[in-house]
Amino acid sequence: MKIVSGNSYEELCQRAAVIFSEQIRKKPDSVLGLATGSTPLGLYRELVRLYEAGRLDFSQIRTVNLDEYYPLRPEHPQSYHYYMQENLFGHVNLRAENCYLPDGAAPDPALACVAYDQRIEQLGGIDLQLLGLGENGHIGFNEPGSELCADTHLTELSESTVHANARFFANEAEVPRRAITMGMAGILKARRILLIAYGKKKHAAVAALLDNRITPQVPATLLKLHPDVTVLCDGGAFLG
Ligand code: GLP
């Protein structure tokens, strides 16, 4: 695991954008694994800027997102479908048919989960997976617990995640209690992983990434099993 520290949020996003740009230029039909939350926003802004400057082409790129609330319709302003449209898809030349997210409105979520993993396989797997980090060490919506799921699955959000994500909704009661998320094996199958952690709130989870333990109580520690992970973090996340 390679740890790279940056002085500011902007610097982390710039560094992340360099890694994404190199991937897109090296393999124009790359499969990019994308994340949501506040952390990737600066990266997406930078990718849009590079596209507008004529320096990036997304026409052949395929994307798969990590997770989606359940049940939540794609038109809901807090759905990850909506987020991706607003922050990236609507601003670059990605083709709509090349962008995949778990279906938060699926009548049969178990079936939708199997179909999602099959889709990722059909695409040839993920070349570069972007991750944020939950305050409790979750990645995607793989929450701490005594066991973790391998494949895409419907999961219950922990109370701490509902609380942390309530800032995006009118109030805590509106936060869906469940989500569809890629599982740990799905994430670890990505050929390369880039995790961004910003701010003191992420320090405990980042500290667990730096010590020698692998525990389902901090799902991100499973990333230690992967041969090509880069963690970009600022001083707050790194030092507390
Ligand atoms: C959500 C998402 C995660 C994300 C996390 C951190 O729970 N499911 O994928 O990494 O939030 O969010 P933020 O970047 O806003 O701190």
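The values are calculated or read from the model by the stated rules, or taken from the named source; none is laboratory data. Keep in mind the model is a prediction, meaning the values are calculated, not measured. Heads up, the Cβs are rebuilt from the backbone with ideal geometry, glycines too, and the neighbour counts pull from every protein chain shown. Heavy atoms of the whole protein, side chains included, go into the accessibility calculation; ligands, DNA and RNA do not. Shrake-Rupley method; radii C 1.70, N 1.55, O 1.52, S 1.80 Å.
Would you kindly derive the ³J(HN,Hα) couplings of region 204-209 from the backbone phi angles with the Karplus curve 6.51 cos²θ - 1.76 cosθ + 1.60 (θ = phi - 60°), listing them in order in whole Hz, with x for Gly and Pro?
4, 5, 5, 4, 5, 5
Quick check for me: using +1 on Lys/Arg Cβ and -1 on Asp/Glu Cβ, what's the dipole size of region 2-239 about its Cα centre, in debye to the nearest 20? Write out the running numbers ahead of the final one.
Working: 23 positive and 28 negative charges, 144 e Å.
Dipole about the Cα centre, nearest 20: 700 debye.
Please list the non-local residues whose amide H lies under 5 Å from the amide H of residue 231, H modeled 1.01 Å from N, same-chain partners needing a gap of 5 or more.
Close amide H contacts, sequence-distant or interchain: 2, 3, 4, 195.
Any idea how far apart residue 27 and residue 225 come out in nm if each label point goes 7 Å out from Cα toward Cβ?
2.1 nm
Project the alpha carbons of the chain onto their principal axes and report the range along each, largest first, in whole Å.
45, 44, 35
State to the nearest 20 debye the size of the charge dipole of region 56-109 about its Cα centre, where the only charges are +1 on K and R beta carbons and -1 on D and E beta carbons.
Roughly 120 debye, rounded to the nearest 20.
Just to check I understand the Karplus step: with θ = phi - 60° and J = 6.51 cos²θ - 1.76 cosθ + 1.60, what whole-Hz values come out for region 70-85, glycine and proline as x?
Per-residue couplings from phi come out as 9, x, 7, 6, x, 6, 5, x, 9, 6, 6, 4, 5, 3, 5, 4 Hz.
Please compute the contact order of region 2-239 in relative form: average sequence separation of alpha-carbon pairs under 8 Å and at least six residues apart, divided by the residue count, as a percent.
25 percent
Please calculate the 1.4 Å probe accessible area of residue 225, with all protein chains present, and give it to the nearest 10 Å².
120 Å²
Quick one: Cα centre-to-centre distance for region 38-55 and region 138-171, in angstrom?
When both Cα centres are located, 27 Å separates them.
Quick one: which residues, 5 or more positions from residue 63 or on another chain, have an amide H under 5 Å from its amide H? H modelled 1.01 Å from N in the peptide plane, none for Pro or chain starts.
Here 32, 99, 100 satisfy the definition.
Rolling a 1.4 angstrom probe over the protein heavy atoms, how many square angstrom per residue are accessible across the chain? Present the calculation step by step, with values, prior to reporting the outcome.
Working: 10760 Å² over 240 residues.
So the chain comes to 45 Å² accessible per residue, rounded to a whole number.
Can you list residues from other chains, or at least 5 along the same chain, whose modelled amide H is less than 5 Å from the amide H of residue 189?
The list, which skips near neighbours in sequence, is empty: none.
Probe radius 1.4 Å, ligands and nucleic acids ignored: give me the carbon and sulfur share of the accessible area of the chain as a rounded percent. List each step's numbers first, then the result.
Working: 5500 of 10760 Å².
C and S fraction of accessible area: 51 percent.
Based on DSSP, what percent of beta bridges with both residues in the chain are antiparallel, to the nearest 5?
DSSP beta bridges in the chain are roughly 30 percent antiparallel.
Within the set 26/200; 201/224; 26/202; 27/224; 26/189, which residue pairs have Cα atoms separated by over 29 Å?
From 26/200; 201/224; 26/202; 27/224; 26/189, over 29 Å: 26/200; 26/202.
Could you give me the ³J(HN,Hα) list for region 30-45, computed from phi with Karplus coefficients 6.51, -1.76, 1.60 and θ = phi - 60°, whole Hz, x at Gly and Pro?
Ordered by residue, 3J(HN,Hα) equals 4, 9, 9, x, 10, 10, 10, x, 6, 4, x, 4, x, 5, 4, 4 Hz.
Hey, got the dipole for region 147-216? About the Cα centre, +1 on K and R Cβ, -1 on D and E Cβ, debye to the nearest 20?
It works out to roughly 400 debye.
For residue 5 and residue 169 in one chain, what is 0.36 nm times their gap in residues minus the Cα-Cα distance, to one decimal in nm?
55.9 nm
Given a 1.4 Å probe and the protein chains all in place, what does the accessible area of residue 139 round to, in Å² to the nearest 10?
0 Å²
Working with all protein chains in place, sort 121, 135 by solvent-accessible area computed with a 1.4 Å probe, largest first.
121, 135
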